[in-house]
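Just so it is clear, none of the values below were taken in a lab; they were calculated from the coordinates. All values derive from a computational prediction rather than experimental measurement. Methodologically, a virtual Cβ is constructed for each residue, glycine included, from the backbone with ideal geometry; neighbour enumeration extends over all protein chains shown.
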Amino acid sequence: MLTRLLRRSHDGIQVVEHIEAADGATVFEHACKLGLEGIVSKRRDMPYQHGRSRAWLKIKNPSSPAMLRVWEDRF
């Protein structure tokens, strides 16, 4: 349902297929090379929970345009 909804979005949001990887560092490296804002990962042994949770981790690409805007706004 989320994929169908976001197909109509023109905000630069995209859904990436589920990747089950033991090496998150490699996934993050590739995401950065693709110019993505970052990755979101979830602990495999935890069920889905809405809202903020320690089971979810968002790692941002420091070179993404979104992060560069944050730094420009601060200084």
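Using only alpha-carbon positions, what ratio does the radius of gyration of the range 2-74 give when scaled by 2.2 N^0.38 Å?
Taking N as the residue count of the range 2-74, the ratio is 1.23.
Name the chymotrypsin sites (Phe, Trp or Tyr not before Pro) in the range 1-56 that are in a loop by DSSP and that have at most 16 other C-beta atoms within 10 Å, would you?
Qualifying residues, ordered by number: Tyr48.
With an 8 Å Cα cut-off and a minimum separation of 6 or more residues, compute the relative contact order for the chain in percent.
24
Between Ile59, Val40, Ser9, whose Cα lies farthest towards the positive end of the dipole of the chain when Lys and Arg beta carbons carry +1 and Asp and Glu beta carbons carry -1, centred on the Cα centre?
The Cα lying farthest towards the positive end belongs to Ser9.
Name the longest site-free stretch of the chain, where the excluded sites are GluC sites (Glu not before Pro) in a DSSP loop with no more than 12 other beta-carbon atoms within 10 Å.
Result for the longest clean stretch: 21-75.
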